[in-house]
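Some notes on the structure that comes next.
The values are calculated or read from the model by the stated rules, or taken from the named source; none is laboratory data. A quick note: this is a predicted structure, and the numbers were derived from the prediction, not measured. We place every Cβ from the backbone using ideal geometry, glycine too, and count neighbours over all the protein chains shown. To get the accessible areas, we keep the full protein, side chains included, count just its heavy atoms, and leave off ligands, DNA and RNA. Shrake-Rupley method; radii C 1.70, N 1.55, O 1.52, S 1.80 Å.
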Amino acid sequence: MIKYTPSNQLTLLGFSHPFDQELSAGNRWVKLAQLIPWDALAAVYSKQLSTTSGRESIDVRMVIGALIVKHRLELDDRGTVAMISENIYLQYFCGLTSFQTKEPFHPTVFVDIRKRMGANGFDAWNALIIEKADDLRPQKKKTISKEGATGNTDTKNKGTLKIDATVANQKIVFPTDAGLLNTARKETERMIDLLYKQAALDKKPRDYRRIARTGYLVFSKKRRKPKKEIRKFIRKQLGYVKRNMGYIEMLLDTIETQKTKGQFQGMFPDMEDPYPNRFPLPKRDQKIYWAIQLLYEQQKQMYDQNTHSADNRIVNIYQPYVRPIPRGKDKAATEFGAKISASEMDGMSRVEHISWDNFNESTDAILQVETYKATHGHYPELLLADRIYLNRENRKWLKQNNIRIVGKPLGRPPKQQLNAHQKRKLKHERNQRNHIEGKFGQAKNAYGLSDIKAKRSDTSQSWIGAIFFIMNLITLTKIADVYAIFCAFVKKQGFCASLLKTNLCFSTVFICNNYKYQNHKLKAL
């Protein structure tokens with residue numbers, strides 16, 4: 001069953017609290033609550049819920065507000081729930097009608113919310129926020145773009161689209177061959193202990209764990225590790241892991257044999273097992289054991305061939321879906337996480353493609369342009385992208401759709417040289433591509449895109465989508481502030497209210513880029 005409190009039923013004056021002073025209408029959370037299209041966001045989230053069966057859900061307004069608070073303040077799940085229970089403004093923002101000290105829900109509910117939303121759910125929310133921003137922006141005059149060599153042609157393309165790719169780094173230990181094999185050895189030893197309790201054997205298998213641990217400590221404390229010493233250590237760890245996996249298989253066979261004789265896990269021989277088909281290892285350990293087997297095969301192959309690469313290489317046994325993504329950056333030549341293709345237009349950004357494997361981002365160029373058309377109703381007039389996007393196939397498709405690009409042309413340099421004005425214009429348009437780079441920096445430095453803490457592949461993708469959703473909300477608040485100032489200016493000058501949407505001589509992009517200057521001028525009028 002779906003529980004939801006509509007936004008029109010929540011008022012600031014009707015919020016009950018034990019304090020004498022009234023809540024401030026200028027608080028950032030109060031202003032943001034008035035700006036968010038709650039009903040539209042709730043409709044997207046409610047599609048994943050049943051309206052006829054099941055227990056009553058947590059208030060959808062609370063779910064949406066808690067997600068925004070979590071990623072806006074960059075808190076963990078427990079910290080978010082604690083912050084909401086302590087802050088009166090956050091409780092109003094999340095839809096409560098009165099102040100309460102108890103926690104609104106258990107922190108583990110966030111995992112279910114991320115599973116339910118997914119990257120597609122947050123992308124649908126982003127589309128609603130972009131639509132809201134377009135409603136606040138004054139409509140620009142239709143412009144006519146001119147094509148150079150073939151003559152002047154009119155086109156309906158409008159706007160500038162910037163696209164690029166980056167990696168959302170996963171919060172994992174930096175992977176090394178020695179460290180991965182040592183972790184696999186410790187996990188197999190833990191599984192042996194777990195299975196030995198169920199097998200009821202007279203003698204526990206010998207795994208030499210103390211000697212293996214001492215060898216790892218001695219190896220890890222050395223500042224310089226020659227290649228021969230690294231290979232020697234890896235060979236020993238491979239032997240430990242192989243021996244432990246053999247013991248695990250032997251224990252599993254022993255437990256299965258005992259089950260056929262009617263014994264209950266070797267501890268209660270007079271009782272029958274109530275769950276005869278139950279596997280001796282929990283599901284989590286089954287996944288870890290599968291990852292360890294694949295890790296051993298990869299490490300053994302690389303050791304025998306004396307190489308450092310393997311197909312679908314595992315870099316973390318707890319998150320085996322994470323892959324190394326070579327990027328060639330100065331900070332890190334290789335990053336570990338999901339590779340994403342994103343686009344930016346007028347301050348709003350969207351994630352178009354998320355993949356745990358490395359891919360050629362040029363294949364997403366046409367998809368991103370088509371998404372722009374589906375959102376805004378027309379193709380962009382200008383596409384700004386890296387050189388990898390501008391291959392022959394993409395250039396041909398962009399030219400057919402009258403989309404201009406700024407980049408070095410293929411083939412020989414043109415004979416006709418550009419004048420000074422054309423060079424300045426070209427440089428100015430090329431520099432606008434830095435906006436998408438700035439979005440990546442904002443997401444990584446302020447909202448944790450470089451440190452994704454989710455433990456599953458689907459919840460990690462939800463985490464990435466939530467970060468871009470929060471950045472669009474922040475941009476929406478800036479657009480709303482500029483629009484409020486412009487409305488006050490029009491009202492003070494006595495202009496017709498219809499000028500807010502039609503026949504404006506001012507460009508919204510110009511106003512947003514010169515926000516401080518416009519604010520100063522409007523206050524002086």
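Along its three principal axes, how long is the stretch 166-222 when you only count alpha carbons? Whole Å, largest extent first please.
Cα extents, longest axis first: 54, 29, 12 Å.
Quick check: the distance between the Cα centres of the stretch 81-101 and the stretch 285-320, to the nearest angstrom?
46
Expected output is a single nm value to one decimal: the length gained when fully extending between residue 400 and residue 220, i.e. 0.36 nm times separation in residues minus the C-alpha distance. What is it?
58.9 nm
What does the net charge come to around residue 85 if you take all other residues with beta carbon closer than 9 Å to its beta carbon, with K and R at +1 and D and E at -1?
-1
Fully extended, how many nm does the chain gain between residue 424 and residue 477 (0.36 nm per residue separation, minus their Cα-Cα distance)?
So the chain would gain 15.8 nm between residue 424 and residue 477.
Need one value: the accessible area of residue 44 in square angstrom, 1.4 angstrom probe, rounded to the nearest 10.
Per-residue accessible area (residue 44): approximately 30 Å².
With the cut-off at 23 Å, tell me which of the pairs 162/408; 300/329; 222/242; 132/478; 339/439; 47/283 have Cα atoms farther apart than that.
Those over the limit are 300/329; 222/242; 47/283.
Determine how large the accessible area of residue 423 is when every protein chain is in place; take a 1.4 Å probe and give Å² rounded to the nearest 10.
Approximately 120 Å² for this residue.
Round to the nearest 0.05 the FRET efficiency obtained for residue 410 and residue 367 when R0 = 25 Å and r is the Cβ-Cβ distance.
That gives a FRET efficiency of 0.70.
Starting from the Cα of residue 3, draw a straight line to each of the aspartates and glutamates and keep only those under 19 Å, dropping any in the same chain fewer than 8 residues away.
Within the straight-line cut-off, residue 3 pairs with 39, 56, 59, 103, 112.
Convex hull over the alpha-carbon atoms of the stretch 373-450: what's its volume per residue in Å³?
146
Label residue 172 and residue 200 with points 7 Å out from Cα along Cα→Cβ: what is the distance between them in nm?
Here the answer is 4.0 nm between the modelled labels.
Can you list residues from other chains, or at least 5 along the same chain, whose modelled amide H is less than 5 Å from the amide H of residue 449?
444
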